[in-house]
Amino acid sequence: MPKLTDTQTIILSAGAQRPESIALPLPKGLAGAAAKMAVSKMIEHGWLQEVDANLRRGEPLWRETGDGHGTTLVVTEAGLLAIGIEPVVAATMTNLHKAKLELVATPQNETETPTALATPKPIAIRAGTKQAKIIALLQRPEGASINEIVEATGWAAHSARGMISGGLKKKLGFDVSTTSDEQRGRIYHIDVSI
């Protein structure tokens, strides 16, 4: 698989965190021919896909099709895998967020118990992935520094931080805490009881 550029990593990471995995808006400073070239390469690799935009929901437009409609860009399953996020996990998290908003039952009168939220399905993380490696590192009693995560995954430091904040905290809902160590720097931890 081709190596991701920093710009491609940023686009895919941001898209993976948005509802429906919409890749727009693109990062600030990426416009015109540079944006078209970056997006074309990502579509060519199968990381992004151009789909009809739902203008009623306010989805951002990538380009107009000339018939009063337009297209937007979404991150594909291959794009999620390229940044180390399992598509099943991303879909599960989207459903989890929707389930939190949907009520299972509504009280018919004041004597009934308050409305309960839907019980989320357990999140499955495939063993052997970089995401699983990061989780294992953070669950160790000593936690892990960014340098240790970079060494274990081969990612750039900003990609490791993005996975922690976007993939683990926002998408998977892990409570990631940090401490400071004079020799190791900032240390990230996940409580093993999670």
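The values are calculated or read from the model by the stated rules, or taken from the named source; none is laboratory data. Predicted model, so just to flag it, every value in this text is computed and none were measured. Here the Cβ is made from the backbone with ideal geometry for all residues, glycine too, and neighbour counts use every protein chain on show.
This table checks each residue for (1) under 30 Å from GLY128 (Cβ atoms); (2) charged (D, E, K, R); (3) crowded, with 18+ Cβ neighbours inside 10 Å.
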position	(1), (2), (3)
MET37	no, no, no
ALA53	no, no, yes
ARG63	no, yes, no
THR76	yes, no, yes
GLY84	yes, no, yes
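Does ALA156 qualify as being out of contact with any Cys (no Cβ under 9 Å at 6 or more places or on another chain), under 25 Å from ARG18 (Cα atoms), surrounded by 19 or more Cβ atoms within 10 Å (Cβ to Cβ) and not β-branched (Val, Ile, Thr)?
Numbers: out of contact with any Cys (no Cβ under 9 Å at 6 or more places or on another chain): yes; under 25 Å from ARG18 (Cα atoms): yes; surrounded by 19 or more Cβ atoms within 10 Å (Cβ to Cβ): no; not β-branched (Val, Ile, Thr): yes.
No, not satisfied.
Looking at this structure, is LEU26 without any contact (Cβ under 8 Å) to a residue 60 or more places away in the chain, under 20 Å from GLY154 (Cβ atoms) and out of contact with any Gly (no Cβ under 6 Å at 6 or more places or on another chain)?
On the way: without any contact (Cβ under 8 Å) to a residue 60 or more places away in the chain: yes; under 20 Å from GLY154 (Cβ atoms): no; out of contact with any Gly (no Cβ under 6 Å at 6 or more places or on another chain): yes.
Answer is no for this residue.
Return the residues of the stretch 18-35 that are buried (at least 18 other Cβ atoms within 10 Å of the Cβ) and of a type outside the set (A, V, I, L, M); say none if nothing qualifies.
If the condition is that a residue be buried (at least 18 other Cβ atoms within 10 Å of the Cβ) and of a type outside the set (A, V, I, L, M), then SER21 is the only one that fits.
Residue by residue through the stretch 33-42, note down the ones that are without any contact (Cβ under 8 Å) to a residue 12 or more places away in the chain and not charged (D, E, K, R).
If the condition is that a residue be without any contact (Cβ under 8 Å) to a residue 12 or more places away in the chain and not charged (D, E, K, R), then ALA33, ALA34, ALA35, MET37, SER40 are the ones that fit.
With the requirement that a residue be hydrophobic (A, V, I, L, M, F, W, C) and outside any helix (DSSP H, G or I), what does the stretch 140-161 give you?
ALA144, TRP155, ALA156
Which condition number does GLN8 fail, the rest of (1) under 13 Å from ILE83 (Cα atoms); (2) among the polar types (S, T, N, Q); (3) at pLDDT 90 or above being met?
Answer for GLN8: the failing condition is (3).
May I ask you to list pairs of residues, at least six apart or on different chains, whose Cβ atoms are under 7 Å apart, with the first in the stretch 145-162 being touching a residue at least 24 places away in the same chain (Cβ under 8 Å) and the second being in a loop (DSSP other than H, G, I, E, B)?
SER145/ARG184
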